[in-house]
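Quick notes on the structure that follows.
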Amino acid sequence: MTILDRGLPSPGVSPDPMVLLTPRSLDEALHLLTAEGAAVLGGGVGHTLRRHDRHRRDPTSSGSSPERDAISQTSSDPPHKRDATSLVSVGSLPELRTILWSGEHVTIGAGVRLGEIEADERLVRTWPIVTEAAGSVATGRIRRLVTLGGNVAAGDDSHDLPVALAAAGAVLTVRSVSSTRTLRIGEVNDLGGDELIQDVRLPIPSGRAGSAYEKFLSRGVWEYACVNVGAVVRLDDAGAARRLSLAVGSVTGGPVVIDLADLRGSVAGGVLIDEVARRAAASTRPYGDVKGSAEYKTRMIAEFSRRAMTGAVRRAEETPRSGGEST
Amino acid sequence: MTADLNRGKEPMTAGFRGKAPTPVDVTREVPTPTRELPVTGLPSGRVLPPPIGSAVERIDAAEKVSGEAVYAGDVRLPRMLHGAVLRSPHASARVVRIDTSRAERLPGVHAVITGADTARIRWGAFRPDLYPLAIGRVRYVGDEVAAVAATDAETARRAAELISVEYEVLPAVLGLDEALAEGAPLVHDDAPGNVAHEFAFDRGGADEWFARSDVIVEGVWQSARQWHGSIETIGCTAEWSRDRVTLWVNTQTPFLARQRYATALGLPTRSVRVIQTEVGGGFGGKSGDDNTSVICAILARRAGRPVQLLNTREEEFLASRPRTPMRCRVRLGFTSDGLVTAKDLDLIADNGAYTGKSQAVLGAATVRHDALFAYRAVRARSRLVYTNLVPTGAFRGFGNPSADWAVGQAWDLAAARLGIEMPDLLLLNAVEEGGVSLHNHRIGSCELKQCIRKAATAIGWYEKRSNPTPHRGFAMGVSVHVSGRRSFGDYDGSSAIVRLTEDGRAVVITGEGEIGTGARTTLAQIAAAELGLAVADVTVTRPDTDLTTHALGALASRVTYVAGNAVKRAAAQACERLLAAASRQLGRPASELRVEDGLVHAPPALGEDVPVRLPVGVVVRAELYRPNGEPVVGLGSFDNPSEFPDGVRYGNESGAYNFAAEAAEVEVDPATGAVTVLELAAVVDCGTVLNPPLAEGQVEGAIAQGIGMALTERFDWAGGAPTRPNFVDYKLPTSQIMPRLHVEFADSYEPTGPFGAKGVGEIALDPVASIVASAVADAVGVRVHELPITAEKIFWGIRSATDRRDGDRR
Ligand SMILES: Cc1cc2nc3c(=O)[nH]c(=O)nc-3n(C[C@H](O)[C@H](O)[C@H](O)COP(=O)(O)OP(=O)(O)OC[C@H]3O[C@@H](n4cnc5c(N)ncnc54)[C@H](O)[C@@H]3O)c2cc1C
């Protein structure tokens, strides 16, 4: 890191030595989290960089604008992001390392690595939006470290998994010693200091469903998205959209789930897709950064919403109709 | 007017006094079918000794891949401390007060220094304007203000954070226009108008030649800061013994750095010893123009213990010496049938806050590319301008890529205007052997035309251009580079000592060093070839200013050519002495003896029928182990046969010029503006290719850096500095975006080079950005004038073209 004298006491994470705790069970982890200054450690990628760079936020994150970095104050941060003095490692807890399939849901443990998600064949078939988002994160080396819980809990609008999960309607199971509750992706900043994400639950899609993830790399090399969009549809046998959802990341307050409720029932074709793209661009506020100006990103949100929705519709159309041949 | 430039009139000045451009058949050069040439590019019939032209394994390969190599940060000395630097957060400010007391009280801190603890001497390669630590003023975000040495790096960092500095923020100039504006704040009080350096010339009467031109093209192009992005940052370890300091530095130029560091420290040169560590990437960035080593030395003196100071990645971005951005206005004149007449160049370069090498970079950018074509007249005005931004300096290409960015695109515009395919236009005007440019560049070996033809063939220029694919485009560019350049006084030489050892090996003692290019391997090949030894039996030393020969180091693509010649001469002399010794020992005339495979060979003695074979080591040992015995040592030196250019850059800067032609095919996604470089062909004339994989590596790496310069490398800026000075924002190109490459070497031989070789380290970078831009223009009709070429710029360009078309329809 570089020491730029700001005339202020260093706003960064304290470089004091931290304690690393490795509980053997989830219960033990939850107990350890009740201590003052304890924080959850997933893959440790975000923590390490924050400590190295003494930033309040993940310095690699593209979501935080410099202004936001500068004004960040300990008091305004959610408790789980305050300076930690001990880290409770949950990335290897067996309870958090599984992908479980029940009749209606698939439940992915918060300790599952992005690389494992990307490679899970059943997930690839049911929720390509999720495996594509996982596979689009950084490089293989990073994906072998980063946990699903860590990627989501960071609360970064540019992260890839939250965009896909928001579009897919995922629900987070959040645990503390004394409670179990659920949160939506957009509510992740409500996590308490003694809470952790146990898993992420997704409905198993039925019928003619399709999903797709689009991450635009404006320079062609791996990095955080210029814009990232996830789309999910379910079609009826007549080709009308019964379920329709789209989430946009790398925008202020993202991932933003676009309101498409009134479009349900329309035929999933060019007109609908254009309208989805128009709404996505109109209802999001991207910020300018090294990957492009806000104005350009708005255009790209329209373009990649179109591509994601087109991809999702194409996949839905490829699944067989429930009622056999109808044409 | 017609193409006959000389009708009824003597030529005012022939652009090239050697061969006038042959009024060649403008009819398309038929692409010659690919001849299968050995990759060594040897002219047919010339026989060279075996280690020359073969894929000799790098002599440092094993120690590098096994992690044994000692880089700057691997140096460990007993009692060594670690340093940290406190830098200015302001682009321009007065330093009112510095309070170091809290830092000094932190346990583990051994020294805290500010400008008051330095010799208060300004230093710099060409224009001394940099203090080791700020004296009164800071001039860019990252300027060094104070420094700490402590028992570990973390403590040093914390102590640096405890220093409090009171600044009075001053107005800053954060761009060329601001710097040149009437009444602009001055970056340095002694540089009125913020001009650090300027020169101008008109050679050949540009106005007259423009008046006689049928086609004139013009444009303004702006390049940007590009960082070296070396895998290893700049670093130094300093240790004092009485009043002499030894610096272990990963510098490319140990001897030149020593001179400057001594100046900065207020010491005589002899008080500074520089030892080169392994260098994890140089690319010009480790040429010793920054303060890191100087501060390290001062800290070590203060602390009375060795100190190591390593740039963090962020410091490397904020305070190293990136590529000099330039704004070039170019005008080119042509006859209607495509002969170039005149060039006019107005060049403004961004020096940043202090002058490192940018003054020399500006010189190269102004004149170098004129060695490519038979211009009749060239006019230039060049200015180096101070700004309150990170200082700039040497980067692979040294001015050429920024100038080529502009001039190459102007040539592309001209080809379109003239309706001549680019390879044909280039062939029509390309320089040949014996040419002399308007600046007195005297061209020796030159296979530029061969390069152009081969590059056109490799990319499939004529076939693909006649069957265009939507959104795909082509472009070609050429470049010329030096093999060494006279710029640090009237000397661009090198010397070497070759010592033969008692076990039959050779040690090459040279101060040139290794920055990762494989230079020590090629020097070993040259020595081995000359001595008749195996490469494995040759060692090449690392530079140590106390122990090795003097050398200017790795810059200007000079080591192979200049040091190669010195090593070759030293080896030849050692060999001569070896044979003289063997002659005495055997009682045979030296003319009957030769060395091969580590043995001295002689025909059978009179009356014998077995030829004599004596191991080299036996001869050396026998020469030593006798009364008044002597070692077998050879000394060789070579000075580049070049001229020290004068103040207006007239003079033959190098003894040999290398050339390249490159062609690229790109594809643009019209919905986003994103560019994919599909294929890139590069054909390089570097004389004899001494070691094909090493030469190919140089070409491929240079192309990658060119693509980075063109497409990916940039920052988001605010307040005069990158908002995130790290690799999250600053993207180097990766294998993901590398095009399919066709790398070839011209069949060429440089008579003044060692075994016919010339430099190859930089040239392939030079034309890349320009041809990517021209290919994009060919693909979607949008020409980008400011680097980098972003998807966004292309997107808006396409949009405004569509909007214009829509407007016309309405
Ligand atoms: C080079 C690089 C490139 C990257 N590129 C991308 C990219 O393209 N796309 C992308 O999405 N991300 C990217 N990332 C960011 C990475 O995904 C995040 O840093 C992520 O948050 C790291 O996850 P982790 O498991 O290592 O988390 P940690 O560092 O362990 O934790 C991150 C945060 O989450 C909290 N946390 C962790 N697990 C839990 C849990 N189970 N419950 C509650 N809180 C928890 C921690 O307390 C901490 O605040 C990149 C990172 C790097 C270094």
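The values are calculated or read from the model by the stated rules, or taken from the named source; none is laboratory data. Remember, it's a predicted structure, so these values are computed and weren't measured experimentally. Note that we place each Cβ from the backbone using ideal geometry, even for glycine, and neighbour counts take in every protein chain shown.
Within region B:734-772, being surrounded by 24 or more Cβ atoms within 10 Å (Cβ to Cβ), of a type outside the set (A, V, I, L, M, F, W, C) and in a loop (DSSP other than H, G, I, E, B) holds for B:748, B:750, B:753, B:758, B:759, B:761, B:762, B:766, B:767. Among residues of region A:273-317 being within 9 Å of another protein chain (Cβ to nearest Cβ) and of a type in the set (Ser, Thr, Tyr), the one that is surrounded by the most Cβ atoms within 10 Å (Cβ to Cβ) is A:296. Residues in region B:676-706 that are within 14 Å of chain A (Cβ to nearest Cβ), of a type in the set (A, V, I, L, M, F, W, C) and over 30 Å from residue B:525 (Cα atoms): B:677, B:678. When you go through (1) touching a residue at least 40 places away in the same chain (Cβ under 8 Å); (2) more than 13 Å from the ligand (Cβ to nearest atom); (3) not aromatic (Phe, Trp, Tyr) one by one for residue A:261, which number turns out not to apply? Every condition holds for residue A:261 apart from (1). With B:504, B:516, B:511 as the choices, which residue is in a loop (DSSP other than H, G, I, E, B) and crowded, with 24+ Cβ neighbours inside 10 Å? Criteria check complete, one pass: B:511. Report whether or not residue B:172 is touching an Asp or Glu at 6+ places or on another chain (Cβ under 7 Å) and assigned to a loop (DSSP other than H, G, I, E, B). So residue B:172 does not fit the description; no.
Of all the residues in region A:278-302, those that are among the basic types (Lys, Arg), in a helix (DSSP H, G or I) and within 17 Å of residue B:790 (Cα to Cα) number 2.
Taking every residue in region B:146-158 that is more than 11 Å from chain A (Cβ to nearest Cβ) and part of a helix (DSSP H, G or I) and pairing it with any residue that is of a type in the set (Lys, Arg) and crowded, with 24+ Cβ neighbours inside 10 Å, at least 6 positions away or on another chain, yields no pair with a Cβ-Cβ distance below 7 Å. Could you please give the count of residues in region A:144-174 that are over 15 Å from the mean Cα position of the chain (by Cα) and near the ligand (Cβ under 9 Å from one of its atoms)? Number of matching residues: 2. Scanning region B:76-107 for residues that are surrounded by fewer than 16 Cβ atoms within 10 Å (Cβ to Cβ), of a type outside the set (A, V, I, L, M) and either away from chain A (no Cβ under 12 Å) or assigned to a strand (DSSP E or B) (or both) returns B:76, B:78, B:79, B:94, B:97, B:99, B:101, B:104, B:105, B:107.
Just checking, which of B:406, B:458, B:414 is surrounded by 23 or more Cβ atoms within 10 Å (Cβ to Cβ) and either in a strand (DSSP E or B) or in contact (Cβ under 8 Å) with a residue 60 or more places away in the chain (or both)? Checking each option against the conditions leaves just B:406. Residue under question is residue A:218, and the condition is that it be modelled with pLDDT of 95 or more, away from the ligand (no atom under 11 Å from the Cβ) and closer than 30 Å to residue B:704 by Cβ; does it hold? The answer is yes for residue A:218. Looking for something more than 10 Å from the ligand (Cβ to nearest atom), β-branched (Val, Ile, Thr), more than 14 Å from every other protein chain (Cβ to nearest Cβ) and under 20 Å from residue A:30 (Cα atoms) - is there at least one such residue anywhere in region A:179-198? Yes, the conditions are met somewhere in region A:179-198. Restricting attention to region A:217-240, report how many residues are hydrophobic (A, V, I, L, M, F, W, C), buried (at least 23 other Cβ atoms within 10 Å of the Cβ) and within 12 Å of another protein chain (Cβ to nearest Cβ). The number of residues fulfilling the criteria is 2. Scanning region B:727-742 for residues that are within 15 Å of the ligand (Cβ to nearest atom) and more than 7 Å from every other protein chain (Cβ to nearest Cβ) yields B:727, B:730, B:732. Screening residue B:529 on (1) out of contact with any Ser or Thr (no Cβ under 9 Å at 6 or more places or on another chain); (2) crowded, with 24+ Cβ neighbours inside 10 Å; (3) hydrophobic (A, V, I, L, M, F, W, C) shows it passes everything except condition (2).
If you filter region B:707-723 down to residues that are part of a loop (DSSP other than H, G, I, E, B) and more than 7 Å from chain A (Cβ to nearest Cβ), you find that the one that is surrounded by the fewest Cβ atoms within 10 Å (Cβ to Cβ) is B:719. Regarding region B:301-309, can at least one residue be identified that is within 23 Å of the chain's Cα centre (by Cα) and buried (at least 21 other Cβ atoms within 10 Å of the Cβ)? Within region B:301-309, none of the residues are within 23 Å of the chain's Cα centre (by Cα) and buried (at least 21 other Cβ atoms within 10 Å of the Cβ).
Kindly provide the set of residues from region B:380-403 that are basic (Lys, Arg) and crowded, with 24+ Cβ neighbours inside 10 Å, ordered by number. Across region B:380-403, the qualifying residue is only B:396.
Evaluate the following for residue A:138: is it buried (at least 16 other Cβ atoms within 10 Å of the Cβ), closer than 20 Å to residue A:126 by Cβ, assigned by TED's automatic domain parsing to the domain that holds residue A:108 and within 11 Å of the ligand (Cβ to nearest atom)? So residue A:138 fails the test. From the list B:593, B:635, which one is of a type in the set (A, V, I, L, M, F, W, C), in contact with a strand residue (DSSP E or B) (Cβ under 7 Å, 6 or more places away or on another chain) and surrounded by fewer than 17 Cβ atoms within 10 Å (Cβ to Cβ)? Only one candidate qualifies: B:635. Do we have residue B:187 as in a loop (DSSP other than H, G, I, E, B), in contact with a strand residue (DSSP E or B) (Cβ under 7 Å, 6 or more places away or on another chain), modelled with pLDDT of 95 or more and not assigned by TED's automatic domain parsing to the domain that holds residue B:264 here? Considered against the rule, which asks whether it is in a loop (DSSP other than H, G, I, E, B), in contact with a strand residue (DSSP E or B) (Cβ under 7 Å, 6 or more places away or on another chain), modelled with pLDDT of 95 or more and not assigned by TED's automatic domain parsing to the domain that holds residue B:264, residue B:187 comes out as yes. If you go through region B:238-261 one residue at a time, do you hit one that is outside any strand (DSSP E or B) and modelled with pLDDT under 95? Yes, region B:238-261 contains a residue that is outside any strand (DSSP E or B) and modelled with pLDDT under 95.
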